[in-house]
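Have a look at the structure below, then the notes.
What follows is calculated from the coordinates using simple rules that are stated; it is not laboratory data. Here the structure is a predicted model, which means the values were calculated and not measured. For neighbour counting, all protein chains shown are included, and Cβ atoms are generated from backbone atoms with ideal geometry for every residue, glycine included.
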Amino acid sequence: MFNLILFGPPGSGKGTQSEKLISKYGLKHLSTGDLLRSEIAVQTPLGLAVKSLMAEGKLVPDEIVIEMINSALDNNPHVNGFLFDGFPRTTAQAEALDKLLSQKGTEIALVLALQVRQQELVKRLLSRGRTSERADDVNEDIIAARIAEYEKKTAAVAEHYKEFGKVKYVQGEGSIDDIFNLLCEGIDEKKPA
Ligand code: ADP
């Protein structure tokens, strides 16, 4: 299995690039943001519990997302590998993921970290907020809260994987195709043919 984390702040393009990467490399896309939004859409107890936290731009509790990922791994036993998008977002989540993967005899091969300047992030998220249904893209205070959560809790995830020499930084500004090509170069250096 080839397991990849697409890492970066909110608005860095993880969703867009994930779609292209899963289709090129045949990976299973696991986005905790998408999984949580589907729970909200069908109003499950879990969805109702996390709705207001997400709308405020705060992280939902580690136990919830770790359990969601645990089930998703169990439900997809025969894949070539996983692309994790928006997970792990805390050091505790990263440690839990490493453990779950090692129980399955596999590991994270690579963390691709998209780098985008803060002013560009805010611009992209506000522009998405004008057309999407996402409650957390509508105003600048919520966007600032999400970026603050990222700085405070999520940036450390890159440090965790740096210790194992697994992180590759990729310029996340430019055309979608140019960024995609840089990500593919990073993968092709690591991935067995
Ligand atoms: P973005 O990266 O643009 O913020 P996501 O769809 O990845 O969008 O996440 C949206 C929201 O979902 C986050 O602000 C947070 O509230 C919640 N969320 C998603 N993934 C996680 C996670 N791994 N841990 C905690 N909260 C999460």
- Could you sort out which of Lys152/Lys190; Lys14/Lys191; Lys58/Lys153; Lys24/Lys104; Lys51/Lys153; Lys51/Lys162 sit more than 22 Å apart by Cα distance in this structure? Lys152/Lys190; Lys24/Lys104; Lys51/Lys162
- Could you list the residues of the range 91-118 with an amide nitrogen less than 13 Å from a label point located 7 Å from the Cα of Glu173 in the Cα-to-C-beta direction? 115-118
- Task: For the range 3-179, count all C-alpha to C-alpha pairs, find those more than 31 Å apart, and express that count as a whole percent of the total.
- Result: 10
- Counting pairs of alpha carbon atoms under 8 Å apart in space and at least six apart in sequence, what relative contact order in percent does the chain give? 32
- Item | Longest segment of the chain lacking GluC sites (Glu not before Pro) that sit in a DSSP loop with at most 11 other Cβ atoms within 10 Å | 1-132
- Task: Specify the inter-centroid distance of the range 69-141 and the range 9-52, based on alpha-carbon positions, in whole Å.
- Result: 8
- Rank Phe180, Phe82, Phe164 by mean-square fluctuation in a GNM of the chain with C-alpha springs under 10 angstrom and give only the top-ranked residue. Phe164
